1. Subtracting the Cα-Cα distance from 0.36 nm times the residue separation, let me have the gained length for I11 to R81 in nm, one decimal.
2. Quick one: 3J(HN,Hα) in Hz for segment 68-81, Karplus 6.51/-1.76/1.60 with θ = phi - 60°, rounded, Gly and Pro as x.
3. Gain in length, I114 to L20, computed as 0.36 nm per residue apart minus the alpha-carbon separation, to one decimal in nm?
4. Please report the accessible area of T24 (heavy atoms, 1.4 Å probe, ligands and nucleic acids excluded) in Å², nearest 10.
5. How high is the FRET efficiency between E122 and I57 when r is their beta carbon distance and R₀ equals 35 Å, given to the nearest 0.05?
6. Quote the accessible area belonging to I210 in square angstrom, nearest 10, computed with a 1.4 Å probe and with ligands, DNA and RNA left uncounted.
7. For a Förster distance of 30 Å, can you work out the FRET efficiency between the beta-carbons of E173 and N95, rounded to the nearest 0.05?
8. Distance cut-off 26 Å, Cα to Cα: go down the list K65/K186; K77/K219; K163/K184 and report the pairs above it.
Amino acid sequence: MTFHYRYRKQIIIGVIIFILLGVTTFFIIKNNLSTQKKTIPKKTIVEKKKKKEKEIINYLEVDIKGEVITPGIYKLKEGSRVIDVINAAGGLTENSNTTVINLSKKIVDEMVIIIYSNSQVEDFSKTKEIENQVIDYCNQVDENSLHNDACISKDSSSTPTGKISINNATVEELMTLPGVGEAKAKSIIEYRNSNGPFISIEDITKVSGIGDNLFAQIKEYITT
């Protein structure tokens with residue numbers, strides 16, 4: 001009987017124990033490495049994310065006055081809009097009128113926002129009417145008085161006094177209309193460039209974003 005044969009059982013048991021110890025050690029080391037990989041990078045990512053957010057966020061201070069619940073100076077994130085400032089100030093009063101305010105306009109630092117009352121907006125319209133009457137009077141030719149050659153011309157090449165030509169106006173001119181911001185002004189120009197001039201002022205309602213309500217606000221101030 002040889003040595004290997006006599007101790008074969010002990011050798012097999014020893015080999016099995018050795019394999020089990022090796023396998024167990026392997027899985028322990030693997031689990032530890034996996035835990036380290038999951039824990040350390042996650043912590044690093046969170047720290048980097050927080051640092052990145054802290055670097056990106058900028059705040060702007062704006063002063064809002066007039067018909068809001070709590071007028072004052074407010075600090076808002078960069079990219080906020082006029083409507084966000086109004087909400088920060090507690091919202092609009094019952095007497096507010098935002099007809100001439102672009103609620104979607106992005107704020108800038110040190111911006112002053114004034115929310116007008118209904119009576120103030122009515123005064124704006126009256127002032128416009130008076131201005132038109134004065135200019136019409138200026139252009140009158142009276143035999144008993146001198147003609148004022150310095151009056152604003154009303155020939156065929158110019159637009160009617162006090163009104164914006166939706167066929168010729170620039171973005172800036174269109175933005176002076178009640179409720180018309182930069183986006184709507186550009187849409188008007190894009191529409192007329194693609195479809196030709198507006199035949200009537202009612203045709204402006206064909207522009208995306210300009211409905212009957214907005215048309216009712218601007219129809220007195222526009223012409224073709």
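1. Full-extension gain reported as 17.1 nm.
2. 10, 4, 10, x, x, 9, 10, 10, 10, 5, 4, x, 5, 10
3. 25.9 nm
4. Its accessible surface works out to 80 Å², give or take rounding.
5. The computed FRET efficiency comes out at 0.30.
6. 10
7. Once rounded, the FRET efficiency stands at 0.50.
8. Exceeds cut-off: K65/K186; K77/K219.
The values are calculated or read from the model by the stated rules, or taken from the named source; none is laboratory data. Worth saying up front: this structure is predicted, and the values here are computed from it rather than measured. When we count neighbours, we look across all protein chains shown, and the Cβ atoms used for this are built from the backbone with ideal geometry, even at glycine. These area figures cover heavy atoms from the full protein model, side chains too; ligands, DNA and RNA do not enter into them. Shrake-Rupley method; radii C 1.70, N 1.55, O 1.52, S 1.80 Å.
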